[in-house]
Amino acid sequence: MPQFQFALTDTQEVREAGVVQTDTFSNALLAISEHVTAHEGDRLEIGVPGFPPARYECVWSAERGAGTWRPAGLLAA
């Protein structure tokens, strides 16, 4: 089973970092979301050793009434 390394940062520092062992990337994101408290604007880097990490930003979701992750660094069309 892959081990996904992650780091949750705010504007100034890493608030939490660790490893999640799960079978899929989406399950890793779900597990992290269930166990960390993210605030709008926080950044999440997650990946496996040997590959560049995926970067996400926490945004407010009116549908869920909570923060949700969206890919960071996307350019507007």
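Projected onto the charge dipole of the chain (+1 at Lys/Arg Cβ, -1 at Asp/Glu Cβ, origin at the Cα centre), which of HIS39, VAL19, PRO49 gives the Cα projection farthest towards the positive end?
My answer, from the dipole projection, is PRO49.
Once phi is turned into ³J(HN,Hα) by the Karplus curve 6.51 cos²θ - 1.76 cosθ + 1.60 with θ = phi - 60°, what whole-Hz value does each residue of the range 10-23 show in order, with x for glycine and proline?
Along the range 10-23, the couplings run 9, 5, 10, 7, 6, 8, 7, 8, x, 10, 10, 9, 7, 7 Hz.
When the Kirkwood radius is taken over all Cα pairs of the chain, what Stokes-Einstein diffusion coefficient follows at 10 °C and 1.306 mPa s, in µm²/s?
Working: Rh = 12.9 Å.
In µm²/s, the coefficient rounds to 123.
Within 10 Å, count the other beta carbons around each residue, average over each peptide in 43-53, 27-37, and list them highest first. The partial results should precede the final answer.
Working: 43-53: 13.4, 27-37: 15.0.
Listed from highest to lowest mean packing, they are 27-37, 43-53.
For the range 30-36, take each phi angle, set θ = phi - 60°, evaluate the Karplus expression 6.51 cos²θ - 1.76 cosθ + 1.60, and give the result in whole Hz per residue in order, putting x for glycine and proline.
After applying 6.51 cos²θ - 1.76 cosθ + 1.60, I find 4, 4, 5, 4, 6, 10, 10 Hz.
For the chain, what does -39500 (n - 2.57) per DSSP helix run (n ≥ 4), summed and divided by total residues, give at 222 nm, in deg cm²/dmol to the nearest 500? Mind showing how you got there, number by number?
On the way: 1 runs with 11 residues, N = 77.
Roughly -4500 deg cm²/dmol at 222 nm, from the helical runs in the chain.
In terms of modelled amide H atoms, which long-range or inter-chain residues lie less than 5 Å from the amide H of ASP42?
Amide H to amide H, under 5 Å and 5 or more residues apart or across chains, ASP42 pairs with CYS58.
Determine the sum of side-chain charges near TYR56: Lys and Arg each +1, Asp and Glu each -1, restricted to other residues whose C-beta is under 10 angstrom from that of TYR56. Kindly include the intermediate steps, with their values, before the conclusion.
Numbers: positive: ARG43, ARG55, ARG70; negative: ASP42, GLU45, GLU57.
After counting each charged neighbour, the total is 0.
Find out how many positive minus negative residues lie around THR11, taking Lys and Arg as positive, Asp and Glu as negative, among other residues whose Cβ is under 14 Å from that of THR11.
Numbers: positive: ARG15, ARG43; negative: ASP10, GLU13, GLU40, ASP42, GLU57.
Around THR11, the charge tally is -3.
Just to be sure I understand the model, the point goes 7 Å from the Cα along the line to the Cβ. What's the resulting THR9 to ALA72 distance in nm?
0.6 nm
Using a cut-off of 13 Å between beta-carbons, work out the net charge of the residues near HIS39 (Lys and Arg +1, Asp and Glu -1, HIS39 not included).
Values: positive: ARG15, ARG43; negative: ASP10, GLU16, GLU40, ASP42, GLU57.
Around HIS39, the surrounding residues sum to -3.
Any read-out appearing in this document is the output of simple, stated calculations on the displayed coordinates, not a laboratory observation. Everything numeric in this text was worked out from a predicted model, so none of it was measured. Here Cβ is always computed from backbone atoms with ideal geometry, including for glycine, and neighbour counts include all displayed protein chains.
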